[in-house]
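Chemist: Sharing a structure with you now.
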Amino acid sequence: MKIVIAPDSFKGSLSAIQAAESIKRGINNVSPDLETVLVPCADGGEGTMETIVKASGGEIQNITVTGPLGEPVRSGYGLLGDKKTCVIEMATAAGLDLVDPEQLNPLSSTTYGVGELIKAALDDGYRNFIVTLGGSATNDGGAGMLQALGASLLNKDGKEIAPGGEGLKYIYRLEMSKFDKRIKECNFTVASDVQNPFVGPEGASHVFGPQKGATPTMVRKLDENMTKWADVIAQETNFRIHDMPGAGAAGGMGGALLAFFQAEIQQGIEVIVKAVNLEQALVGAEMVITGEGQVDFQTAFGKTPMGVARVAQKQGIPTVVIAGSVGNWVDNLYEHGIHAVHSMVSGPMTLNEAMDNAEKLIERSAEQIVRTVLTLLKA
């Protein structure tokens, strides 16, 4: 019997790789003769690069770049096992986790380091990119990224504007003559589940600004500045990103990628399952076990378990989910290829207890799932 193991991370406790190994141990407790194939997955959020690079047998090239507040941070880009595809996880250079909560300030935070990551990969000869946009601490519309790649964002006096969302207030002209010409040779696939436009009530500033430290006054200011930036982009490229779905991802970085990189935005999990070659790994399998920390009605909207189930369903393979917590309306998932959802929590316990013991709890859940399946097959 072949079982594919394809979980996401259990945030706050286990990475996707650790979760997969825990599931494997549970299966081995039943029988070490069962064939297991580990394909850790992600949906484009934080940790995606490490997950899919390791799952594909690739490696991470570590470099130091400019962090969201202008300080040096240790980051890097991933190289998939095909030795051709680079993964840029913007959160590793401009993410929320890089900034102390009391220092969050989208008026000054920059995506400059993301551009430095892309430039480093270009210098190393790579031209095929996957860019993941989850977890941004920025609201600069991708301006910093463009500056790192040679674009000049100038004020009325012909001087470079300051970094961050505040600097966009003074944008007057965009000079692209020194923008890295190699970008035109590249293919950019963007992994993002955000459909918000660049500006407006549903745009980057209003919807995501508050979680990055923006007050209501700052939100209004950011949206005004981003609108001005979008106007300049339209003048330069004849490409209007103001109302474009997905342009508001990562504080507007989605819009910059669409306008200047000819990027294609795809649902995160769809990009990831293709990158880790899940479809091929499932050939000949009789079951797939996936999972993540929270499973509820939102899981149907592009979360890892649903993405895995859709691929497995094409081959008629049942999908079982192990969850840290099972929320409301999970019955809806059974209409979309998921056959069962199991909570890893085996009895009364606090959240901290569950997180501290996640490895063992997931192992036990996997063991019980496989024991049940094998018993039914023998019946």
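Chemist: Using all alpha carbons of segment 85-203, what is the percent of pairwise distances in each 10 Å bin, ordered from the shortest bin to the longest?
Modeler: 13, 41, 37, 9, 0
Chemist: Kindly point out which whole DSSP H helices in the chain project their C-alpha atoms 15 angstrom or further along the helix axis while averaging a Kyte-Doolittle hydropathy of -0.5 or above.
Modeler: Values: long enough: 16-30 (22 Å, -0.03); 112-123 (17 Å, 0.57); 216-237 (31 Å, -0.63); 249-260 (16 Å, 1.49); 304-314 (16 Å, -0.06); 358-378 (30 Å, 0.15).
Span-like helices, by this rule, are 16-30, 112-123, 249-260, 304-314, 358-378.
Chemist: A follow-up question, please. Calculated FRET efficiency, Thr375 and Glu353, Cβ-Cβ r, R0 30 Å, to nearest 0.05? Please list the in-between numbers first.
Modeler: Details: r = 30 Å, r/R0 = 0.99.
Computed FRET efficiency for Thr375 and Glu353: 0.50.
Chemist: Right, another one. Full-extension gain between Val283 and Thr237, please, as 0.36 nm times their residue separation minus the C-alpha to C-alpha distance. Write out the running numbers ahead of the final one.
Modeler: Values: separation 46, 0.36 × 46 = 16.56 nm, distance 4.51 nm.
That works out to 12.1 nm of additional length.
Chemist: On a C-alpha basis, how far is the centre of segment 58-102 from the centre of segment 14-29 in Å? Whole number, if you could?
Modeler: Comparing the Cα centres of segment 58-102 and segment 14-29, I get a distance of 26 Å.
Chemist: Same structure, new question: Name the residue, out of Gln235, Gln18, Gln147, whose mean-square fluctuation peaks in a Gaussian network model built on the chain with Cα pairs under 10 Å.
Modeler: Answer for the Gaussian network model of the chain: Gln235.
Chemist: Right, something else. Based on alpha-carbon centroids, what's the gap between segment 318-334 and segment 132-204 in Å, whole number please?
Modeler: 39 Å
Chemist: Let a ≥ b ≥ c be the square roots of the eigenvalues of the Cα gyration tensor of segment 185-337; is it rounded (a/c under 1.5), or, if not, prolate (a/b larger than b/c) or oblate? Each step should come with its number before you reach the end.
Modeler: Working: a/c = 3.54, a/b = 1.77, b/c = 2.00.
Oblate, since a/c reaches 1.5 and b/c is not below a/b.
Chemist: Still on this model: To check my understanding: the extent here is largest minus smallest coordinate of the Cα atoms along each principal axis. What are those three numbers for segment 161-273, in Å, largest first?
Modeler: Extents along the principal axes, in whole Å: 40, 36, 21.
Chemist: With 20 Å bins from zero, work out the P(r) of the chain over every alpha carbon pair and list the percent per bin.
Modeler: 29, 52, 18, 1, 0
Chemist: Here's another thing I want to ask about it. What distance in nm lies between label points placed 7 Å from Cα along the C-beta direction at Gln315 and Gln103?
Modeler: Between Gln315 and Gln103, the simple spin-label model gives 4.6 nm.
Chemist: With +1 assigned to the C-beta of every Lys and Arg and -1 to the C-beta of every Asp and Glu, and no other charges, what is the dipole magnitude of the chain about the Cα centre in debye, to the nearest 20? Intermediate values should be presented prior to the final figure.
Modeler: Values: 31 positive and 44 negative charges, 117 e Å.
Dipole magnitude for the chain comes out near 560 debye.
Chemist: Gain in length, Gln294 to Lys181, computed as 0.36 nm per residue apart minus the alpha-carbon separation, to one decimal in nm? Provide the component values of the computation, followed by the final result.
Modeler: Numbers: separation 113, 0.36 × 113 = 40.68 nm, distance 4.32 nm.
So the extension gain works out to 36.4 nm.
Chemist: Here's something else I'd like to know. Report the Rg/Rh value for segment 48-268, based on alpha-carbon coordinates and the Kirkwood definition of Rh. Walk me through the numbers before you get to the answer.
Modeler: On the way: Rg = 15.9 Å, Rh = 16.8 Å.
Across segment 48-268, the Cα-based Rg/Rh ratio is 0.94.
Chemist: In segment 301-360, which chymotrypsin sites (Phe, Trp or Tyr not before Pro) are in a loop and have at most 15 other Cβ atoms within 10 Å, using DSSP for the loop call?
Modeler: Values: sites: Phe301, Trp329, Tyr334; in loops: Phe301, Trp329.
Loop-located and lightly packed - Phe301, Trp329.
Chemist: Oh, and also: For a quick check of your reading of the filter: which trypsin sites (Lys or Arg not before Pro) in segment 116-218 sit in a DSSP loop and have no more than 14 other Cβ atoms within 10 Å? It would help to have the intermediate numbers written out before the result.
Modeler: Numbers: sites: Lys119, Arg127, Lys156, Lys159, Lys169, Arg173, Lys178, Lys181, Arg182, Lys184, Lys212; in loops: Arg127, Lys156, Lys159, Lys178.
When the trypsin sites (Lys or Arg not before Pro) of segment 116-218 are filtered for loop state and at most 14 Cβ neighbours within 10 Å, Lys156, Lys159, Lys178 remain.
Chemist: Amide H of Phe198 versus every other amide H placed in the peptide plane: which residues, excluding those fewer than 5 positions away on the same chain, fall under 5 Å?
Modeler: Asp243, Met244, Ala247, Gly248
All of the numbers you see were taken from the coordinates with simple rules; none came from a lab. Note that the structure is a prediction, hence the values are computed from the model and not measured. So basically every Cβ, Gly included, is an ideal-geometry build from the backbone, and we count neighbours across all protein chains shown.
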